[in-house]
Amino acid sequence: ERARLKLLKSARATTLDKVKIEMLANLDEPGEVNAALDVGAEGVGLLRTEFIFLGRGGMPSEEEQFEAYRKVVKGMDGRPVTIRTFDLGNDKHLDSPQMTIGRKHINPALGLRSIRLSLAEPKFFHAQLRAILRASKYGKARILIPMLSHEHQINQSLAAVEQAKASLRGERIAFDETIEIGGMIEVPAAALTASLFLRKLNFLSIGTNDLIQYTLAIDRSDEQVAHLYDPLHPAILRLLAYVIGSGNKAGVPVSICGELAGDPHMTRLLLGMGLRGFSMFPAHIPSVKQRIKQSDAGALAHSVRRILRLDETSKIREQVDRLNTESV
Ligand code: PEP
Ligand code: MG
């Protein structure tokens, strides 16, 4: 079994019909780099930067952030490391005396969270962007902006990156001038306007955890409605297929970094939608990779087109089960 896992680690995630799939890791803190490398991750598809607030009172300094991001970028040794800007508010709490706003919410999931909060606190956003840019000199970093919904948020985020770059140039501090900037698709409005995001950004990453929450109006953390949180709801499948298909048409990379990407029961469905980048907890990489190696992307595209026309979740579930039991 150990020998088999070792073999699987070095094997590339390629389908039976030779389609190459990118296998990326989600990291919640820098210490998880080794876990990602151990399972043969080709990069980090999502570094959640909220770890930096754990067990501390005030705001982390630029220096402190730089050190943490550099550790991951160096550790991944030239593989891409997608660093997501702070996704605070909602389920990730922030309690800083320096933070003037973003503390009291009536409905935190719909409030001043994530990029909304970063744009409302430009000094804090600037320090984080400078820290990421400085770390980019030590390998391959990418910037990922969470929770985007409006065009002006994309524009303001891009302008903030330009401003951080200009300040570093002014101080003659080196960074990767060609750093890529991507956006998360986790609000239905963003999914439905994917073409705008694809024109303005270098890559997209679909956050299915939030996309499902906002599309079905189900609080991710509320047990009383947890049974309604259904990734196979036809509305979810259509949004995913739309974003993935639009990205493929535009030639812009799209990956999924929500929990769905790490669920082997979803792998064939996602491959059939055209997904070519999967980012997940390192521990899930071997089983999803194995699934990919047993699948035919071309045949799946055909079957999944039929599934996407179904309206009843019970029928969708039946068809997805069938996909998973067929030999290819
Ligand atoms: C998501 O929403 O799917 C996601 C990856 O972000 P998080 O789980 O950190 O909100
Ligand atoms: Mg999210």
- prompt: How about the range 74-90: which of its residues are buried (at least 21 other Cβ atoms within 10 Å of the Cβ) and either among the β-branched types (Val, Ile, Thr) or away from ligand 1 (no atom under 13 Å from the Cβ) (or both)?
  reply: Met76, Val81, Thr82, Ile83, Thr85
task: Inspect all residues belonging to the range 175-194 and state whether any of them is assigned to a helix (DSSP H, G or I), free of Cβ contacts under 8 Å to residues at least 24 places away in the same chain and away from ligand 2 (no atom under 16 Å from the Cβ).
output: no
- line: Checked the range 222-253 for anything aliphatic (A, V, I, L, M) and touching a residue at least 60 places away in the same chain (Cβ under 8 Å); matches are Leu232, Leu237, Ala241
Segments classed as helices (runs of 4 or more DSSP H), wholly inside the range 1-82, with at least 3 members that are among the charged types (D, E, K, R) and more than 18 Å from Ser279 (Cα to Cα): 2-10, 62-75
task: Give the residues of the range 165-174 that are touching a residue at least 12 places away in the same chain (Cβ under 8 Å) and of a type in the set (A, V, I, L, M, F, W, C), sorted by residue number.
output: Leu168, Ile173, Ala174
message: I need the full set of residues from the range 245-259 which are in a helix (DSSP H, G or I) and within 12 Å of ligand 2 (Cβ to nearest atom), in order please.
response: Glu259
query: Is there a residue being more than 14 Å from ligand 1 (Cβ to nearest atom) and at positive phi anywhere in the range 218-234?
result: no
- prompt: Is the range 125-144 home to any residue that is touching a strand residue (DSSP E or B) at 6+ places or on another chain (Cβ under 8 Å), of a type outside the set (Ser, Thr, Tyr), within 12 Å of ligand 1 (Cβ to nearest atom) and not in a loop (DSSP other than H, G, I, E, B)?
  reply: yes
- line: Residue set Arg169, Arg84, Arg70; condition at pLDDT 95 or above, under 29 Å from Ala194 (Cα atoms) and of a type in the set (Lys, Arg); output residue Arg84
- prompt: Which of the residues spanning the range 197-213 are part of a helix (DSSP H, G or I), hydrophobic (A, V, I, L, M, F, W, C) and within 14 Å of ligand 1 (Cβ to nearest atom)?
  reply: Leu211, Ile212
- prompt: Among the residues of the range 260-279, which ones are in contact with a strand residue (DSSP E or B) (Cβ under 7 Å, 6 or more places away or on another chain), within 16 Å of ligand 1 (Cβ to nearest atom) and not in a helix (DSSP H, G or I)?
  reply: Leu275, Gly277, Phe278, Ser279
query: Got a sec? Which of Arg130, Arg116, Arg169, Arg142 is among the charged types (D, E, K, R) and within 14 Å of ligand 2 (Cβ to nearest atom)?
result: Arg116
message: Under 6 Å between Cβ atoms, which residue pairs at least 6 apart in sequence (or on different chains) link something in the range 254-270 that is more than 25 Å from Arg142 (Cα to Cα) with a partner that is buried (at least 24 other Cβ atoms within 10 Å of the Cβ) and at pLDDT below 95?
response: none
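The values are calculated or read from the model by the stated rules, or taken from the named source; none is laboratory data. Keep in mind the model is a prediction, meaning the values are calculated, not measured. As a convention, Cβ positions derive from the backbone with ideal geometry for all residues, glycine included, and neighbour counts pool all protein chains shown.
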